[in-house]
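The values are calculated or read from the model by the stated rules, or taken from the named source; none is laboratory data. Since the structure is predicted, the reported quantities are computational estimates derived from the model, not experimental observations. When we count neighbours, we look across all protein chains shown, and the Cβ atoms used for this are built from the backbone with ideal geometry, even at glycine.
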């Protein structure tokens, strides 16, 4: 009997991981140990070198060059990275513009900041799928705008935003791109030199462990640190060091996680399905009576995830049926993106999200299509 | 030009990343040095420093190699062990 990869919650966290990730973590914990940047002995030097190699690898993945490794600040994930930028840029009573498909990592942070410092949150004009409407943004007044923030790929319908074109329109205004869903996907790269701040995570498309993410930016000098503490450098002073990335990395980093991420970066996984296989899956699902796909209107800007809902059926009921009848693992609900669901008209019930991984084969996608067809048919014919 | 003739000299770094890059670069060039704790008399930072014997490698040569990578360092002259107590 064929064994299918039935895990489709890769936008939450990816599974499986390359085996080298767990091996590297075990090697670090069992054989190396040692802390980062605090001591001269071999154990500490090895740990420090491992962290710095991972910093270079992530820089290379994001901007194509290891030379910009000092643009990489490690955090505990994309949420803490977004907080570092949004809180560190010291918004005052200025405007910020966001896409209509933002995650709570942005929305809750901005809402709190708005109450604290009075910044005004504005939503960029967009088409019905949430794709930023560049014709309309071209005529917007961006005066007194402190920052523009865009989720590179929606975690609800997979729309990939035109961040480079948007940056060309906004000029010197800092652009923050939440690339939690795209860093690690070779066909969805951000033009790093065009973006002021890119936030990313290691445990999704990069196939690393959870607990590691960061900021990539050549403009870290615009930020104030959010966390204060020891760095192993400039220790005679009570002030944080001026040098980046130390300035933003107080405390012992997640060493095992960073080492695991380094292994993931050294062992990238080529996609085992093609864009044609993916398009076929979307076509097969859209043909199911009663099922509505929530995806990009244009497949050219469709990322590796999408959602669906079924008329007359509760999304939770469909997801439960898919799991117990077919073993399909999905994420159901609002996906920590209530704003996106409000915009797409799927609030408050939410949707069932399907998020692909490079490990999925064409056969896995075919199994998924058949399982969804059967589940929807079973539930509608009760 | 060297400021530590016939003596040990030590390279200190402000940033951890520079220390690791320097170590890697100098090992690539087969330079012989010891990784040591930064002497408390020089700095209260708790990072690592690289210790060289000037008879093997000139300070100028080492600095040039690191300059090529844009690595900033501070050089401190140390007494050789046999000089101690004289």
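Any residue that is modelled with pLDDT of 95 or more, outside any loop (DSSP other than H, G, I, E, B) and either buried (at least 21 other Cβ atoms within 10 Å of the Cβ) or out of contact with any helix residue (DSSP H, G or I) (no Cβ under 8 Å at 6 or more places or on another chain) (or both) - is there at least one of those in the stretch A:181-198?
yes
Counting only residues that are in contact (Cβ under 8 Å) with a residue 40 or more places away in the chain and outside any loop (DSSP other than H, G, I, E, B), which one in the stretch A:288-307 is nearest to residue A:9 (Cα to Cα)?
The residue in question is A:305.
Test each condition in (1) on the phi < 0 side of the Ramachandran plot; (2) part of a loop (DSSP other than H, G, I, E, B); (3) touching a residue at least 60 places away in the same chain (Cβ under 8 Å); (4) within 14 Å of chain B (Cβ to nearest Cβ) for residue A:232 and report the one that comes out false.
It is condition (1) that residue A:232 fails.
When the stretch B:14-49 is examined, which residues are found to be modelled with pLDDT of 90 or more and in a loop (DSSP other than H, G, I, E, B)?
If the condition is that a residue be modelled with pLDDT of 90 or more and in a loop (DSSP other than H, G, I, E, B), then B:29, B:30, B:31, B:32, B:33 are the ones that fit.
Give me the residue from the stretch A:253-268 that is under 26 Å from residue A:195 (Cα atoms) and assigned to a loop (DSSP other than H, G, I, E, B) and, out of that set, farthest from the other protein chains (Cβ to nearest Cβ).
Selected residue: A:268.
Filter the stretch A:216-229 down to residues that are under 25 Å from the mean Cα position of the chain (by Cα) and within 14 Å of chain B (Cβ to nearest Cβ), then give me how many there are.
Here the count works out to 1.
So, residue A:14, is that one buried (at least 17 other Cβ atoms within 10 Å of the Cβ), out of contact with any helix residue (DSSP H, G or I) (no Cβ under 8 Å at 6 or more places or on another chain) and farther than 30 Å from residue A:363 by Cβ or not?
Here the answer is no, as residue A:14 does not meet what is asked.
Would you point out the residue of the stretch A:24-37, among those that are within 14 Å of residue A:260 (Cβ to Cβ) and in contact with a helix residue (DSSP H, G or I) (Cβ under 7 Å, 6 or more places away or on another chain), that is surrounded by the most Cβ atoms within 10 Å (Cβ to Cβ)?
Among them, the one singled out is A:24.
Would you point out which residue out of A:195, A:183 is away from chain B (no Cβ under 14 Å), in contact with a strand residue (DSSP E or B) (Cβ under 7 Å, 6 or more places away or on another chain) and within 30 Å of residue A:23 (Cβ to Cβ)?
A:183
Taking the conditions exactly as written (under 23 Å from residue A:235 (Cβ atoms), in contact with a strand residue (DSSP E or B) (Cβ under 7 Å, 6 or more places away or on another chain) and either within 11 Å of chain A (Cβ to nearest Cβ) or part of a loop (DSSP other than H, G, I, E, B) (or both)), does residue B:11 satisfy them or not?
Here the answer is no, as residue B:11 does not meet what is asked.
Given the condition modelled with pLDDT of 90 or more, away from chain A (no Cβ under 11 Å) and touching a strand residue (DSSP E or B) at 6+ places or on another chain (Cβ under 7 Å), answer yes or no: does some residue in the stretch B:50-58 qualify?
yes
Output the residues belonging to the stretch A:199-220 that are in contact with a strand residue (DSSP E or B) (Cβ under 8 Å, 6 or more places away or on another chain), assigned to a loop (DSSP other than H, G, I, E, B) and over 16 Å from residue A:257 (Cβ atoms).
Listed by number, the residues that qualify are A:217, A:219.
Condition first: under 21 Å from the mean Cα position of the chain (by Cα), away from chain B (no Cβ under 14 Å) and part of a loop (DSSP other than H, G, I, E, B). Can you find one or more residues in the stretch A:314-331 that meet it?
Yes: the stretch A:314-331 contains one or more residues that are under 21 Å from the mean Cα position of the chain (by Cα), away from chain B (no Cβ under 14 Å) and part of a loop (DSSP other than H, G, I, E, B).
What's the number of the condition residue A:353 fails, among (1) farther than 26 Å from residue A:121 by Cβ; (2) not in a helix (DSSP H, G or I)?
Here residue A:353 clears every test but (1).
Can you run down the residue pairs with Cβ atoms below 7 Å, 6 or more apart or on separate chains, where the first is in the stretch A:235-252 and within 12 Å of chain B (Cβ to nearest Cβ) and without any contact (Cβ under 8 Å) to a residue 40 or more places away in the chain and the partner is assigned to a loop (DSSP other than H, G, I, E, B) and surrounded by fewer than 16 Cβ atoms within 10 Å (Cβ to Cβ)?
Hits for this filter: A:235/B:44; A:236/B:44.
Would you check which residues across the stretch A:29-70 are under 20 Å from residue A:186 (Cβ atoms), more than 10 Å from chain B (Cβ to nearest Cβ) and either part of a helix (DSSP H, G or I) or in contact with a strand residue (DSSP E or B) (Cβ under 8 Å, 6 or more places away or on another chain) (or both) and list them?
A:54, A:57, A:58, A:59, A:60, A:61, A:62, A:63, A:66, A:68
Search the stretch B:25-40 for residues that are away from every other protein chain (no Cβ under 13 Å) and pair each with any residue that is surrounded by 13 or more Cβ atoms within 10 Å (Cβ to Cβ) and in a loop (DSSP other than H, G, I, E, B) when their beta-carbon atoms are under 6 Å apart and the residues are at least 6 apart or on different chains.
So the pair list comes out as B:31/B:57.
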